[in-house]
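The values are calculated or read from the model by the stated rules, or taken from the named source; none is laboratory data. Quick caveat, the model's predicted, so the values are computed rather than measured. Virtual Cβ from ideal backbone geometry, glycine too; neighbours counted across all protein chains shown.
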């Protein structure tokens, strides 16, 4: 059985850095097979190249968003990975404008031709710019939708803010999502990585 | 708290969306240059692009990021806005003259052609200032907007239709 877990969140929130840390943590020196799927809107990859250097099995999907434009291609990529690489875990980095439940729906399409389970949607929220992300009209609506959809809210870049700011951001996110577990995450210091690893390794959603 | 409306449940960013521009270019200079200098230049470039986008009216910087590939190693740099500063990492084993650079700028509030103009102006200016010539190999503008007309059921139907085909990529 191959478990698919998305690491979502708006542009610039640190998804790529988190993916790199988490993939190493989950793989645990070869104990588990991990593959990565990176989705970028543009056709010239940047994140994909960065992640390729990790030495992990990586598939880059460009030219649209896997939650809508290239959802079918995403489903097929999951089946291909299952057939050819048979990973225990696939970590997915959607574009910064993807909606988590739609990514889950697309991932579930892979269940038709592969033994796939879909893990909890981990959504990152950038601790360094809460007002910029939440208080703007249309952009705020997108980010709020992502926050509402999260199973796990990872407040990222917490090394760059103080404790009071952490608490304030958590309080604001709770207004939109009462059920999600909140994890404080720093890909720089490693804070929160172990907890997210536990979540990824735990049972299906 | 934002007022609830049906639009809030529609998925991707529907109104202005995210405008973007990505470019793959070759940079070359006469003298050899080390990783510290390239990191400084890449950070300067990222901040200059972000500043240009703001000047053109961008309401938020999604990200400005780049990946620099050389024969001696790779470097990446990014920013989410001028006030947040830029960040870079990576190292080169030895100084180089030739770089391959991929840049991706994604912002909201201005059209993709404006993002392209902001990116190219900053990229060329900063590169020239550091003695590099720039040769564009590939570029693309994009706008990521959600289809607000289709429902979740429509999307599922489209996915199922698309998934019925038995064609798979064979590039693994």
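Taken over the stretch A:1-51, the criterion of being free of Cβ contacts under 8 Å to residues at least 24 places away in the same chain and at the interface with chain B (Cβ under 10 Å from one of its Cβ atoms) is satisfied by A:42, A:43, A:44, A:45, A:46, A:48, A:49. Taking (1) without any contact (Cβ under 8 Å) to a residue 12 or more places away in the chain; (2) within 24 Å of residue B:107 (Cβ to Cβ) in turn, residue A:96 satisfies each apart from (1). Filter the stretch B:100-115 for residues that are modelled with pLDDT of 95 or more, within 14 Å of residue B:18 (Cβ to Cβ) and surrounded by fewer than 24 Cβ atoms within 10 Å (Cβ to Cβ) and give the result. Answer for the stretch B:100-115, where residues must be modelled with pLDDT of 95 or more, within 14 Å of residue B:18 (Cβ to Cβ) and surrounded by fewer than 24 Cβ atoms within 10 Å (Cβ to Cβ): there is none.
Can you go through A:81, A:134 and tell me which one is within 11 Å of chain B (Cβ to nearest Cβ), touching a residue at least 24 places away in the same chain (Cβ under 8 Å) and closer than 30 Å to residue B:73 by Cα?
A:81
Taken over the stretch A:110-131, the criterion of being free of Cβ contacts under 8 Å to residues at least 60 places away in the same chain and buried (at least 23 other Cβ atoms within 10 Å of the Cβ) is satisfied by A:127 alone. Could you check, for the stretch A:58-72, whether at least one of its residues is touching a helix residue (DSSP H, G or I) at 6+ places or on another chain (Cβ under 7 Å), over 19 Å from residue A:147 (Cα atoms) and in contact (Cβ under 8 Å) with a residue 60 or more places away in the chain? Looking through the stretch A:58-72, none of the residues is touching a helix residue (DSSP H, G or I) at 6+ places or on another chain (Cβ under 7 Å), over 19 Å from residue A:147 (Cα atoms) and in contact (Cβ under 8 Å) with a residue 60 or more places away in the chain.
Here residue B:77 clears all of (1) touching a helix residue (DSSP H, G or I) at 6+ places or on another chain (Cβ under 8 Å); (2) modelled with pLDDT of 95 or more; (3) in a helix (DSSP H, G or I) except the condition numbered (3). Each residue in the stretch B:46-64 was checked for being within 18 Å of residue B:124 (Cβ to Cβ) and either assigned to a strand (DSSP E or B) or within 7 Å of chain A (Cβ to nearest Cβ) (or both), and 1 of them qualify.
Every residue, every condition in (1) out of contact with any strand residue (DSSP E or B) (no Cβ under 9 Å at 6 or more places or on another chain); (2) at pLDDT below 95, yes or no:
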| site | (1), (2) |
| --- | --- |
| A:5 | no, no |
| A:57 | no, yes |
| A:73 | no, yes |
| A:76 | yes, yes |
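Considering the conditions (1) surrounded by fewer than 16 Cβ atoms within 10 Å (Cβ to Cβ); (2) at pLDDT below 95; (3) on the phi < 0 side of the Ramachandran plot, residue B:10 is excluded by exactly one of them, (1). Only a single criterion out of (1) assigned to a loop (DSSP other than H, G, I, E, B); (2) within 13 Å of chain A (Cβ to nearest Cβ) is not satisfied by residue B:94, namely (2). Residue count for the stretch A:127-147 satisfying the condition of being in contact with a strand residue (DSSP E or B) (Cβ under 6 Å, 6 or more places away or on another chain) and under 25 Å from residue A:197 (Cα atoms): 2. Looking across the stretch A:159-187, just one residue is in contact (Cβ under 8 Å) with a residue 60 or more places away in the chain and either within 14 Å of chain B (Cβ to nearest Cβ) or assigned to a helix (DSSP H, G or I) (or both), and that is A:187.
Would you pick out the residues in the stretch A:90-109 that are within 11 Å of another protein chain (Cβ to nearest Cβ), in a helix (DSSP H, G or I) and within 23 Å of residue A:15 (Cα to Cα)? Scanning the stretch A:90-109 gives A:100, A:101, A:102, A:103, A:105, A:106, A:107, A:108. Scanning the stretch B:118-172 for residues that are more than 8 Å from every other protein chain (Cβ to nearest Cβ) and at pLDDT 80 or above yields a total of 22. Of the residues making up the stretch B:13-49, those that are touching a strand residue (DSSP E or B) at 6+ places or on another chain (Cβ under 7 Å) and at pLDDT below 95 are B:16, B:17, B:18, B:19, B:20.
Yes or no, residue by residue, for (1) within 14 Å of chain B (Cβ to nearest Cβ); (2) over 30 Å from residue A:75 (Cβ atoms):
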position: A:122; (1), (2): no, no
position: A:129; (1), (2): yes, yes
position: A:139; (1), (2): yes, no
position: A:143; (1), (2): yes, no
position: A:147; (1), (2): yes, no
position: A:157; (1), (2): yes, yes
position: A:193; (1), (2): no, no
position: A:199; (1), (2): no, no
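Just wondering, is there one or more residues in the stretch A:149-163 that are modelled with pLDDT under 95 and surrounded by 14 or more Cβ atoms within 10 Å (Cβ to Cβ)? Yes: the stretch A:149-163 contains one or more residues that are modelled with pLDDT under 95 and surrounded by 14 or more Cβ atoms within 10 Å (Cβ to Cβ). Exactly one of these conditions fails for residue A:145: (1) in contact (Cβ under 8 Å) with a residue 12 or more places away in the chain; (2) closer than 20 Å to residue A:35 by Cα. Give me its number. Against the list (1) in contact (Cβ under 8 Å) with a residue 12 or more places away in the chain; (2) closer than 20 Å to residue A:35 by Cα, residue A:145 comes up short only on (2).
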